[in-house]
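Inspection log for the structure reproduced underneath, given as structure tokens.
The values are calculated or read from the model by the stated rules, or taken from the named source; none is laboratory data. Since this is a predicted model, take the numbers as computed values, not measurements. Here the Cβ positions follow ideal geometry from the backbone for every residue, glycine too, while neighbour counts run over all protein chains shown.
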Amino acid sequence: MASNSDCPFLDDFPLEIRTQIYKELLVKKIMGTADSVSRSASYGADINYGLSPQVLRVCHQIYVEALDVLYKENTFYVACFRVDNHLSMDMDLGAGSDDENPNAVQTVEGPLVELCPLTRFQNNQSEMPFPIPNLGNCSAVSRVRKWRVVVSRLTTAGGSWDPVWSLREFCEVISQDPPISLELLILPCGLDYGRNNNYSFDSYEQILKPLRILRNIQTCAINQACAADVPDIIQLADDGLVENFTEGDRALADWELPTDLKMEIETLITGQQPLDIYHMMYRNLVAYARTFERHRPYKMQMGLRREDITRIDSRCLEYAEFLDTGSFNPFIEPTLHPLEFELRNCQDAVMNSGEDEWTFKEHRKHALMHLE
């Protein structure tokens, strides 16, 4: 639409009427259900959800108004469930090893990112993409104002791959721009199937710990999920499965969400209590430490684990300069420099212990002492 042309829709209809029209075109209940990420529909890639996104292409003003409705009025479903794929090589058996066959294709067996309508195309992959997607790279996630989040306490989910339930990355992504409402649904023990009948469960405290970095969310509710809330990629357990639990598992499975813990988390999330975001502080610490290293290949490897370096993809052009020459940081392998040791401990404090204040700050202090 030309900038100097008249638009009766914008000129004659008040914003309230236009907003109602946008709602009819862009707001659907399926967005907040497990059906939106059905495995049979390629994790949602084959579903149009009944939306009419063409309205976003009419003109800039309509785009701004309608986009606001799309992300504010819809409730978005997300199952905080990722798969650590055991990569297999799709090649002829006679072609030799992976290194000898440049045409080898890495295939995936399960979703790479948390299951959500916003990540449906990232999860509909048969070959390993590069870079490997993650929730933080999806810019639309921070625009969503209403979330319906599903998580399980089961530590060994069913499947030929290794699925992992975790709220950590989701909470880190939305912590910088908190939504208006958050509903967390926890699968009761015995609802989802454990691979090889091996059942172990995280405590409620461990499952909910990532939520402690959230603030300023207007409404928060923590409830129990039902079978309809489970994505169909997760196998549901048979009736009476709880009877087969071991005594230790049964004792943990019988625990209900403690009322005081539920109230504490909900109060914390909806409050405005000051908070240090340690995963961001760690990133800033690594960026600062890298300014002291002049050799670029070594600089790029600072803060990385040895196992992370060995798994770096050769398609990463930034790392090609030392992958091709074998210029690996000697302060990480074969020996570990005290600075790298402190960076490793800071990372562990964030990754393994959530927001462990004392541990992180103590090791950060030691890292800064080495630098300065």
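Yes or no, residue by residue, for (1) outside any helix (DSSP H, G or I); (2) at pLDDT below 90; (3) within 22 Å of residue 168 (Cβ to Cβ); (4) in contact with a Pro (Cβ under 8 Å, 6 or more places away or on another chain):
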| position | (1), (2), (3), (4) |
| --- | --- |
| 210 | no, no, yes, no |
| 215 | yes, no, yes, yes |
| 223 | yes, no, yes, no |
| 252 | no, yes, yes, no |
| 260 | no, no, no, no |
| 269 | no, no, yes, no |
| 272 | yes, no, no, no |
Inset, instruction - Would you check which residues across the range 120-141 are surrounded by 15 or more Cβ atoms within 10 Å (Cβ to Cβ), without any contact (Cβ under 8 Å) to a residue 24 or more places away in the chain and in contact with a helix residue (DSSP H, G or I) (Cβ under 8 Å, 6 or more places away or on another chain) and list them? - result: 133
Inset, instruction - Return the residue satisfying two criteria in turn: it lies in the range 292-340 and is buried (at least 16 other Cβ atoms within 10 Å of the Cβ), among the aromatic types (Phe, Trp, Tyr) and modelled with pLDDT of 60 or more, and of such residues it is farthest from residue 127 (Cα to Cα). - result: 331
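Out of all the residues in the range 1-50, which are in a loop (DSSP other than H, G, I, E, B), among the aliphatic types (A, V, I, L, M) and at pLDDT below 95?
Residues of the range 1-50 that are in a loop (DSSP other than H, G, I, E, B), as a first pass: 1-7, 13-14, 27-28, 33, 38, 45-50.
Still in the running and among the aliphatic types (A, V, I, L, M): 1-2, 27, 45, 47.
Listed by number, the residues that qualify are 1, 2, 45, 47.
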